[in-house]
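What follows is calculated from the coordinates using simple rules that are stated; it is not laboratory data. Because the structure is predicted, anything quoted here is derived from the model rather than measured. Because the Cβ atoms are built from the backbone with ideal geometry, glycine has one as well, and the counts that use them run over all protein chains shown.
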Amino acid sequence: MMGSNFRFSRMVRPAVLVLSALVLSACSLWKGGAERPKPAELGPNIPVLAVRQAWTTRIGSTAGLPLQVNVQAGSVVLASSDGTVASLDAKTGADIWRAKLPERLAAGVGSDGRWAAVVSRENDLIVMESGRVLWRHRLPAQVFTAPLVAGERIFVLAADRSLSAFDAANGTSLWTQPGTGAPLVLRQSGVLLAVGDTLVVGMGGRLVGVNPNSGAVLWDAPLANPRGTNDVERLVELVAPVARSQSRLCARAFQASVACVDLAGGRVDWAQKAYGGTGISGDDSVVFGAESNGTVVAWNRADGMRLWVSERLRYRHLSAPLLLGRSVVVGDDTGWVHFLSREDASPLNRIGTDGSAIDVAPVAAADTLVVVTRSGSVFGFRPD
């Protein structure tokens, strides 16, 4: 595993016995504390693909928050570290609703268009409707993955790998699957999504299909196995976002591999070594990811063979990519949004934001590319 910046905190269970666990940040440093290599110059920007900024607004700093921007038809739901949660019109950037919670956030945002759910740093699951808090529930462990809102239920994946389900309307606990525990976990969004009538969850290096009505395990697919001689080297976690196409889903195991699974039976189609810390994107033919050293890779969806590797953005700390039409869109740590050709990674355009890092995966809604910077600016871009 590549060198990592360690950030420690306690995973507290409110009971007589208080357990603690180490929480590992996914922020990358270079081995031996060496100075980060200098990225190559980007060179002049030749806009092959015409893109313009359609709007901009602010949500507040996302530093320390593993934010997942939630897309619902023509809107996006997002949050800031200080407790601001908002639903924005993707076409205009205008607020549909906005709320300011009194506590700082640890995970968010999950939404189905009606309810929105976040988790505070005090381990409170907070569920809102149109910006109004409906209910809260104190969770037994820290959470870094956005809750999933689906089928009038709220599903929560905790850092101790426990999984819980709640009634979205009133907060009634429906079921809980105990956690397996882990000496180290990532302070980063894991995998939690609904696929048909199955809840698909990342549990360590395994992708697990769960019955959403009972919490029973339906299938279990190993994407990566622990390795090394200590807890840091043996850390294995699946990270969001994932690339899903019909009944197949591809995901990244942190600093270990990228793999694709047939969700019908939980069969692993292929797995390839890959050393990245962010999620992936793709369609039914190609999967794209950014490695920790800034290289961008395209894999054949069918067999996992590499189609191309681009070092144009090497040593730039990159966000997870987004496949958008003919482009692979990725943000970097100086606020640039890069549009690369899906065919060969040749540059199509480059647009600046506010100069702060883009850690959050870009999303698309209502024909608009939505990008969030670490300092809290939100940008909407559209084809010119």
> Ratio of Rg to Rh for the stretch 124-268, alpha carbon only, Kirkwood?
Replying inline: 0.97
> Given the stretch 160-244 reduced to its alpha-carbon atoms as identical point scatterers, what log10 I(q)/I(0) does the Debye formula return at q = 0.11 Å⁻¹?
Replying inline: -0.33
> In angstroms, what radius of gyration and Dmax does the stretch 85-183 have, counting Cα atoms only?
Replying inline: 13.5, 45
>> What three numbers, in Å, describe the spread of the alpha carbons of the stretch 250-359 along their principal axes, ordered from the longest?
In response: 45, 25, 22
> Put a dot 7 Å past each Cα toward the Cβ at Ser346 and Asp262; how far apart are the dots in nm?
Replying inline: 3.7 nm
> How would you order 306-312, 252-258, 179-185, 337-343 from highest to lowest mean count of nearby Cβ atoms within 10 Å?
Replying inline: 252-258, 337-343, 179-185, 306-312
>> Just to check, using Stokes-Einstein with a Kirkwood Rh over alpha carbon pairs, what's the diffusion coefficient of the chain at 37 °C and 0.692 mPa s in µm²/s?
In response: 157 µm²/s
> Kirkwood Rh, Cα Rg: Rg to Rh for the stretch 276-316?
Replying inline: 0.98
